Amino acid sequence: MSKVLLIYPYFKPPRDRSVFRFPPLGISYIASSLIDAGHEVHLLDCTFISKPDALRQAHLVHAEVVGLYCMVTMLEDCLWFARQLRSSARLLVAGGPLPTCDPHPFLDDFDVIVRGEGELTMCELLFAYGIGGDFSKIPGIVLSKKMDSESKIEAEILFAPDRPFIPDLDTLPFPARHLLPNQQYIQFGRRHYGYGITTVMSTRGCPYECEFCSNVIFGGSFRERSAGNVVDEIEQALAFGYDRISFADDVFTLHKKRVLEICAEISKRGLKFYWECLARVDCVDDATYIEMYQAGCRRVYFGIESGDDRILMLMNKKITATEARHAVEAAHQAGLEVGAFFILFYPGETNETVQNTLHFATSLPLDYLGLTMPYPLPGTALYERVKSQIKREWHPGESIFGSHVLIYNADFSEAKMWFGIIKGRAQFEIKHRLGKLAPVPLKLFEKFTDWIFLRIK
Ligand code: SF4
């Protein structure tokens, strides 16, 4: 059996002001499957450490197999790790969203790329590695046969067939939380939000096809775990000292019946903890928000994205602004804190639609507002639509405003985008802080900033 090191190469970008930090579930699932298969597994989550410390810790493991997770914001650090560990690791493997949708940047530095859902692929890969077997027939992998200058063999990229999705998620072992820096996540959470929070994934995938959404690992598959299996994992996660659970599902509320089963299971076991989830605005009814509240749900986040129906259609979001307003108000009425995410300046927007969205977002009873500029991620339909306009790679920490940077030639300037985002945040703060006194100053502020907004190119 092999000694394996799995690395989550997230280092906080210098000017990033985001306070969201969640333990990496995907790589923890890989770890638990490999442990079950008998391997010695180490997990290096770099979230709270510096690069030199991370490298020192990685070397100390003396692993023969190193697996690196990578999403688009991690490419540089992922390749850096691979080059640093190349001489000590006998097998270097890349996996995660970016290698899944584009393996090419990894071919020179890694021996194998794992595409898609990785648990079974990694187990089969390590089995083949252990017996000196052939990797090329393992579903879900990509290999590069390197150029041989002697025999003049051309470099060849070998794509094995896709691996089918795991049909029954209840068969998977729970993520290997014991390998994560739980105390640091708990302390970070308590410092920033007043509670230690960790994630649980009760479903995989999403059947919708929003144009901007990167769902490369689970694709359009939608699979659910049973309520009993989910709540078993919640109990295990709470035993590490966490106060709150965040469901990391793309759409926790997709099936009302299953949401109610989970609520009933939590109540039946008498578990006292708070939880939160992501939801679509068109999935559950008003009574379900009340049931969720009674089972400990305290916050729900909606991906609303726009307050303009034409832009919602362009995004293929399949919701309307009216549905969004109804869902936010119903959840708020049920006692839940409500968060919402919006994308401003989506390709195809006009000044008027951006202003509509800002006005709409300000008018909702929200407790949290997330505003961002569009980010065309590789593997999305939006990326395909604007790829001829892409002007640069995403480099964390590049923008003076935080972690988001404009990476394509848009119809609006980056300065205008940031003005719109700051205007929206300011409107939210005025409403939130002034409460009943807000309407008059808010109206004046909106009018004045609308005037400036229209004059910025
Ligand atoms: S944005 Fe949400 S609803 Fe749309 S495809 Fe992505 S996960 Fe599904």
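The values are calculated or read from the model by the stated rules, or taken from the named source; none is laboratory data. Note that the coordinates shown come from a computational prediction; the quantities given were computed from them, not determined experimentally. For neighbour counting, all protein chains shown are included, and Cβ atoms are generated from backbone atoms with ideal geometry for every residue, glycine included.
Taken residue by residue, the stretch 210-233 has at least one member that is within 16 Å of the ligand (Cβ to nearest atom), in the same structural domain as ALA321 (by TED's automatic domain parsing) and over 24 Å from PRO24 (Cβ atoms).
Looking only at residues in the stretch 356-381 that are within 17 Å of MET315 (Cα to Cα) and of a type in the set (S, T, N, Q), the one that is surrounded by the fewest Cβ atoms within 10 Å (Cβ to Cβ) is THR372. Among the conditions (1) touching a residue at least 40 places away in the same chain (Cβ under 8 Å); (2) surrounded by fewer than 18 Cβ atoms within 10 Å (Cβ to Cβ); (3) in contact with a strand residue (DSSP E or B) (Cβ under 9 Å, 6 or more places away or on another chain), the only one that ILE245 does not satisfy is (2). Pairs meeting the criteria (first residue in the stretch 207-230 and at pLDDT 95 or above, second residue assigned to a loop (DSSP other than H, G, I, E, B) and aliphatic (A, V, I, L, M), beta carbons under 6 Å, at least 6 apart or on different chains) are CYS210/MET315; GLU211/MET315. Candidates ILE113, ILE141, ILE131: the one that is without any contact (Cβ under 8 Å) to a residue 12 or more places away in the chain and within 23 Å of LEU5 (Cα to Cα) is ILE131. Looking only at residues of the stretch 234-256 that are over 20 Å from PHE165 (Cβ atoms) and touching a Ser or Thr at 6+ places or on another chain (Cβ under 7 Å), we find that the one that is farthest from the ligand (Cβ to nearest atom) is TYR242.
Quick one: would you say GLU117 is charged (D, E, K, R), closer than 19 Å to GLY379 by Cα and part of a loop (DSSP other than H, G, I, E, B)? Answer is yes for this residue. Residues being at pLDDT 95 or above, buried (at least 17 other Cβ atoms within 10 Å of the Cβ) and not in a loop (DSSP other than H, G, I, E, B) are entirely absent from the stretch 144-167. Checked across the stretch 30-39, the condition of being surrounded by 23 or more Cβ atoms within 10 Å (Cβ to Cβ) and either without any contact (Cβ under 8 Å) to a residue 60 or more places away in the chain or not assigned by TED's automatic domain parsing to the domain that holds CYS123 (or both) holds for no residue. So is GLY379 in contact with a helix residue (DSSP H, G or I) (Cβ under 8 Å, 6 or more places away or on another chain), in the same structural domain as VAL405 (by TED's automatic domain parsing) and free of Cβ contacts under 8 Å to residues at least 60 places away in the same chain or not? Considered against the rule, which asks whether it is in contact with a helix residue (DSSP H, G or I) (Cβ under 8 Å, 6 or more places away or on another chain), in the same structural domain as VAL405 (by TED's automatic domain parsing) and free of Cβ contacts under 8 Å to residues at least 60 places away in the same chain, GLY379 comes out as no. Here PRO13 fulfils each of the conditions (1) in contact with a His (Cβ under 9 Å, 6 or more places away or on another chain); (2) at pLDDT 95 or above apart from (2). Kindly indicate the residue of the stretch 79-125 that is out of contact with any Ser or Thr (no Cβ under 6 Å at 6 or more places or on another chain) and under 15 Å from PRO24 (Cα atoms) and also surrounded by the most Cβ atoms within 10 Å (Cβ to Cβ) among those meeting that condition. Applying the filter and picking the extreme gives GLY95. When the stretch 308-326 is filtered for residues that are of a type in the set (A, V, I, L, M) and within 13 Å of the ligand (Cβ to nearest atom), the ones remaining, listed by number, are LEU312, MET315, ILE319, ALA324. When you scan the stretch 286-298, do you find a residue that is of a type in the set (Lys, Arg) and out of contact with any Ser or Thr (no Cβ under 8 Å at 6 or more places or on another chain), even just one? Looking through the stretch 286-298, at least one residue is of a type in the set (Lys, Arg) and out of contact with any Ser or Thr (no Cβ under 8 Å at 6 or more places or on another chain). Residue count for the stretch 76-97, restricted to those that are closer than 16 Å to ASP111 by Cα, part of a helix (DSSP H, G or I) and either under 20 Å from the mean Cα position of the chain (by Cα) or among the aromatic types (Phe, Trp, Tyr) (or both): 3.
The residue that is nearest to the ligand (Cβ to nearest atom), among those in the stretch 179-209 that are among the polar types (S, T, N, Q) and buried (at least 17 other Cβ atoms within 10 Å of the Cβ), is THR203. Scanning the stretch 335-355 for residues that are surrounded by fewer than 19 Cβ atoms within 10 Å (Cβ to Cβ) and farther than 27 Å from MET292 by Cα returns GLY348, THR350, ASN351, GLU352.
Restricting attention to the stretch 350-363, the residues that are more than 25 Å from the chain's Cα centre (by Cα) and either among the polar types (S, T, N, Q) or under 16 Å from ALA324 (Cα atoms) (or both) add up to 9.
Going by the structure shown, is GLY270 within 14 Å of the ligand (Cβ to nearest atom) and of a type outside the set (D, E, K, R)? Taking the combined requirement at face value, the residue does not satisfy it. For the stretch 273-290, check the following and say yes or no: at least one residue is among the basic types (Lys, Arg) and within 13 Å of the ligand (Cβ to nearest atom). Yes, the stretch 273-290 has at least one match. Residue check: is PHE345 assigned to a loop (DSSP other than H, G, I, E, B), away from the ligand (no atom under 16 Å from the Cβ) and either at pLDDT 95 or above or among the polar types (S, T, N, Q) (or both)? Judged against the criteria, PHE345 is a match.
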